[in-house]
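Novice: Have a look at this one.
The values are calculated or read from the model by the stated rules, or taken from the named source; none is laboratory data. Please read these numbers as outputs of a predicted model, since none were measured by experiment. With ideal geometry, Cβ positions are generated from the backbone for all residues, glycine too; neighbour counts draw on all protein chains shown.
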Ligand code: BG6
């Protein structure tokens, strides 16, 4: 059972803390998931920020929590476990002693140090925690992406943290792994014989993984323009989803075994290098366009300077092992796309012999469509006879398992889940250093090839599905991107 712990949140007034972490901790407190006596210690820059902290986070929580979630009395109770402190991460001064005093008054309880800061200060934070004697045997550190800019910088970051924390005490967050629907992928695959037996190159034609967003730069130009969609979304979130879809069954559901299986997938990814990048990967950048009838500026207008940074990526990937031999995995993500959703589509092979005459209509291949957000659902597209008709007419029909209907009272908060897991010392949904290295090893050559002038991003209009080259990438294999909301299939419910 989880015991009272101290949660030190470096970067306590930063954007992530205000939007996700503090609201997540509030939810946990309100649900009674934080043991009595737990303390949350957000660090801020100076004493004035300490004085203003509680009113600032209150305001942010009201804004970022869902309607009806914010209640004055619940918040007042939560505020009593907040102990903001002014700590300058980069300077070992008296403030660190004050932090030490506070933590040492906590009877050897577990400590979670959450570094919600730029990676450039990870090393200083760990060093100063060490020099202040704050890293106990049961302390853990949680770090956020971006974990590096490439394999080399990731290695530097990981090594600097490893000087002070053992690998088993380092919790690298990928918030996608905290999403309920993403974890449900494991249940779907490994607790359901029907799916597990239909999950390989003999039965599957192709797999599509899409995370499409409608937002643009969101005021994050400084970070985003130095990163781009490949580093921001593919290196982590998309590759983690790919791992969960493609991995073998771990012989036990332990962190160690799950991570080992994910690593094998990353290491089996067919490298894309040099000229192969051009034929297998598309990069795009949005230009001005219409979103819901409103004209939005292009990326360069938002940025205010020239840039070759991509805001869209589509990749044809292959996993070179016997389960997935020659099955393309189409990966796609972008900003300012037509619709916001994250989805995995498993497209099955068509029937071997078409027994119905053409006049009956075309049989469409079966698809398993796993929607991760905004709503969580699992759908299966099957071909069915049009009921009530004398003649045999075939149409695609959707079998719809709407998870939200099945579990009415649940609420999914990825960060809350992951913070509680870190407090409970459960690393299953965090990334091992070897996974970070393997992901960068696959991404780096793509970035390198994209430095060539012929690989500049293709323009696409905001509010569309990305550049035409993305449709052509899949089209050249005789396939197309699938979006269940745009296909005329009848819902069976
Ligand atoms: C973050 C990226 O990791 O994930 C953002 O840095 C992106 O650019 C975000 O918008 C998407 O997360 P979600 O949970 O809203 O799909």
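Novice: If you go through region 396-418, how many residues are in a helix (DSSP H, G or I) and either at pLDDT below 90 or away from the ligand (no atom under 15 Å from the Cβ) (or both)?
Specialist: Residues that pass the stated criteria total 4.
Novice: Of the conditions (1) within 12 Å of the ligand (Cβ to nearest atom); (2) in a helix (DSSP H, G or I), residue 184 clears all except one; give me its number.
Specialist: That leaves (1) as the condition not met.
Novice: Those residues that are surrounded by fewer than 17 Cβ atoms within 10 Å (Cβ to Cβ), within 12 Å of the ligand (Cβ to nearest atom) and modelled with pLDDT of 95 or more, I need them from region 202-232; list them, please.
Specialist: The one that is surrounded by fewer than 17 Cβ atoms within 10 Å (Cβ to Cβ), within 12 Å of the ligand (Cβ to nearest atom) and modelled with pLDDT of 95 or more: 215.
Novice: Mind listing whichever residues of region 131-159 are outside any loop (DSSP other than H, G, I, E, B) and farther than 20 Å from residue 227 by Cβ?
Specialist: Result: 131, 139, 140, 141, 142, 159.
Novice: Of (1) within 18 Å of residue 485 (Cβ to Cβ); (2) at pLDDT 90 or above; (3) loosely packed, with under 14 Cβ neighbours inside 10 Å, residue 375 satisfies all except one. Which?
Specialist: (2)
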